Amino acid sequence: MKRILILGGTTEARQLAGKLAVRPDVSLTLSLAGRTESPVAQGVPTRVGGFGGADGLAAYLRQNQIDLLIDATHPYAAQISANAAEAAHGAGVPIIALWRPGWEPAEGDRWTLVDGVTDAVTALGSAPRRVFLALGRQEVAAFEAAPQHHYLIRSVDPVEPRLAVPDATYLLARGPFREADEQALLRDHHIDVVVSKNSGGEATYGKIAAARALGIEVVMIRRPALPDVTSAETVEALAAMVNHFLGPAADRGV
Ligand SMILES: NC(=O)c1ccc[n+]([C@@H]2O[C@H](COP(=O)([O-])OP(=O)(O)OC[C@H]3O[C@@H](n4cnc5c(N)ncnc54)[C@H](OP(=O)(O)O)[C@@H]3O)[C@@H](O)[C@H]2O)c1
């Protein structure tokens, strides 16, 4: 029996966990940070909450005799990925990562690339604009530094406390989001700039395609640096790496 710990919080982590959980030779645990108040049911054994930094994660790997660590966290969750690489190294546990590829600009896109949320605030400029913030609720607080804009803020959980800006509208929604609906949203709210992470994947691409179609600028926050870990870009490719790790005899019934 091989013990696998998946660091999750993404659709891909859930899909990968579903694939691996059916193997009779795998004992699987999926780990969530616990940020979302009502996370999507994962359907596999799950633990919730931080480990206490890289040292805490290394201790968890040792105590639970983990044979393989899979980092399938969101590409912007740079802290846990750095911790995972350090902990795996410290505990002598193999690690592989699943990071979906970022979006590439297409013809007609009007992207302004910035390095972080603070730079995104600056990139909006001083004149008042109508801004769609499709960011996590942790990041939107930085936009209090530019209270002259109108904000449309969409999040899975309520943004609490509300932003200390005079003009903000809040939307609660969980993706996936269709391009046609995103176009309607941008139009209805007269949005003239979208602030987004380069998350990659289909589920949240609708707003990027919608912005392109409507000629709207996107302030795109570049991806953070991720550790140098062997990685795959798709669930299938990562599952193949796991099969390789487990060995051919274990492939039966998968
Ligand atoms: N950042 C995003 O844009 C984004 C988008 C969608 C989903 N997510 C998911 O949301 C979670 C939190 O993202 P974040 O950007 O706040 O992460 P982060 O800044 O990289 O991590 C902050 C701390 O949260 C804990 N943590 C993060 N992921 C964890 C996991 N899967 N299991 C257990 N503990 C975890 C760790 O605490 P300790 O140091 O105490 O271990 C970590 O040091 C991640 O799991 C990520 O996959 C993030």
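The values are calculated or read from the model by the stated rules, or taken from the named source; none is laboratory data. Only a predicted model underlies this, so the values are computations on that prediction, with no experimental measurement involved. In this analysis, Cβ positions are derived from the backbone assuming ideal geometry, glycine residues included, and neighbour counts consider all displayed protein chains. Ligands, DNA and RNA are excluded from the accessible area calculation, which covers all protein heavy atoms including side chains. Shrake-Rupley method; radii C 1.70, N 1.55, O 1.52, S 1.80 Å.
Quick notes on this structure:
- Along its three principal directions, the equivalent ellipsoid of the range 1-143 from the Cα gyration tensor extends over semi-axes of 34, 17, 15 Å, largest first.
- Distance histogram for the range 7-52 (every C-alpha pair counted, 5 angstrom bins, percent rounded to whole numbers): 5, 22, 35, 21, 12, 4, 1
- Mean projected area of the convex hull spanned by the Cα atoms of the range 150-254, taken over all viewing directions: 10.1 nm².
- Within the accessible area of the range 162-208, the carbon and sulfur atoms contribute 51%, probe 1.4 Å, all protein chains present.
- A Cβ-based charge dipole, computed about the Cα centre of the chain with Lys and Arg at +1 and Asp and Glu at -1, lands at about 500 debye.
- Percent of Cα pairs in the range 115-212 per distance bin of 5 Å, from zero to the largest separation: 3, 13, 26, 27, 21, 10, 1.
- Debye-sum result for the range 160-217 in log10 I(q)/I(0), which assumes one identical scatterer on each alpha carbon, at q = 0.14, 0.26 Å⁻¹: -0.42, -1.17
- Once the 1.4 Å probe is applied to the protein heavy atoms, the range 58-153 comes out at 44 Å² accessible per residue.
- Using bins of 5 Å that start at zero, the share of Cα-Cα pairs per bin across the range 107-150 amounts to 5, 19, 32, 27, 12, 3, 1, in whole %.
- The gain in end-to-end length when the Q148 to T169 segment is fully stretched comes to 6.2 nm, 0.36 nm per residue minus the alpha carbon separation.
- Expressed as a whole percent, the accessible surface of the range 1-139 that belongs to carbon and sulfur atoms is 49, based on a 1.4 Å probe.
- Relative frequency of Cα-Cα separations exceeding 18 Å in the range 126-175, percent: 20
- For the range 189-245, alpha-carbon Rg relative to the globular expectation (2.2 N^0.38 Å, N residues): 1.58
- At 1.306 mPa s and 10 °C, Stokes diffusion of the range 1-84 via Kirkwood alpha-carbon radius, µm² per second: 123
- Computed across the range 81-156, the Kirkwood radius stands at 15.7 Å (inverse of mean 1/r, all Cα pairs).
- P(r) tail, the chain: Cα-Cα pairs separated by more than 31 Å, 31% of all pairs.
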